[in-house]
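The values are calculated or read from the model by the stated rules, or taken from the named source; none is laboratory data. Just so it is clear, the structure is predicted and the values come from calculations on it, not from any experiment. Cβ placement follows ideal geometry from the backbone for every residue including glycine, while neighbour counts extend to all protein chains displayed. All accessible areas refer to the heavy atoms of the entire protein, side chains included, with ligands and DNA or RNA removed. Shrake-Rupley method; radii C 1.70, N 1.55, O 1.52, S 1.80 Å.
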Amino acid sequence: MHGSATPGWLLMALSAATGAYCLLRLRSSSPGARTAAGSEAVMGFGMAAMALPAAVAPPPAWGWAVFAVVFGGGALRALWLARTGAHHLHHLIGSLAMVYMAVTMAPGSGGHGGHMEHAAGGIPLVTGVLLAYYAGYVLRTGAALVPVAAPVAAGGPDSGAHGGGAGGWGARPELALACRLSMGIAMFAMLLSL
C-alpha cells in the first residue's frame with residue numbers, strides 16, 4: 001500500500017468493526033457458533049492491528065513475533081477443531097496466512113518490516129496461492145449473500161424476525177456472512193500489498 005495511509009486506516013477500521021461484531025456473536029446459544037465467532041474475532045482484531053499504518057504507530061521489532069505466535073496457536077487450534085467442521089479449515093488457512101504475513105513483514109526478513117513502502121516480500125508462489133484462495137472465498141461468500149426468494153415470516157416482513165428476540169444482532173446469519181466476506185476482502189488486500 002504505497003503512498004497515503006488512508007487504505008491502511010480503512011482496512012484497520014473494517015477489520016476492527018468485524019472483530020467487534022464477532023464478539024457480539026459470542027452470545028450465541030450454539031457452541032459451534034461461539035467457537036467460530038471467537039476465532040473470527042481474534043482474526044478481525046489481529047488484522048486490524050497488522051493494518052495499522054506504520055507511520056502512525058510503528059510496530060516494535062518483537063511485535064511480528066507476537067503475531068506469528070498468536071496466529072500459530074490459532075492455526076493449531078483450528079487444526080484440532082477441523083475434525084468437527086470444515087469451516088475450521090478456513091480458519092486454519094487464515095491463521096497460517098497471518099503467520100506468513102507476520103514473518104514476511106518482520107524486520108530482517110527481506111519483506112516490508114512493517115512499512116508497506118519497500119520491495120515486495122514473501123514467496124511469490126505462496127502469496128499467489130493465498131490470493132487465489134481468498135479471491136475464490138470472497139466470490140463464494142459474496143454469492144451466498146445474494147438474496148433469493150423466500151417465504152415471508154408469519155408476522156410479515158416487518159415483524160422483527162431478524163433483529164428482535166433473544167438472538168438480536170448476534171444471531172443474524174447474513175451479518176455473519178457479511179463479516180466473513182469483509183475479512184476475506186481485507187485478507188486479500190493485505191496479501192496483495194506484500
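If only one of 153, 132, 166 is modelled with pLDDT of 60 or more and small (Gly, Ala, Ser), which one is it?
132
In the stretch 184-194, what residues are open to solvent by less than 20 Å² (accessible area, probe 1.4 Å) and at pLDDT 90 or above?
Those that are open to solvent by less than 20 Å² (accessible area, probe 1.4 Å) and at pLDDT 90 or above: 184, 186, 187, 190, 191.
Out of the residues in the stretch 27-63 that are among the hydrophobic types (A, V, I, L, M, F, W, C) and either loosely packed, with under 15 Cβ neighbours inside 10 Å or over 19 Å from the mean Cα position of the chain (by Cα) (or both), state the one that is nearest to residue 89 (Cα to Cα).
62
Since residue 81 meets every condition but one in (1) closer than 22 Å to residue 135 by Cβ; (2) modelled with pLDDT under 95; (3) open to solvent by less than 60 Å² (accessible area, probe 1.4 Å), which condition does it not meet?
(1)
Can you work out which of the residues in the stretch 7-26 that are open to solvent by less than 30 Å² (accessible area, probe 1.4 Å) and at pLDDT below 90 is farthest from residue 98 (Cα to Cα)?
25
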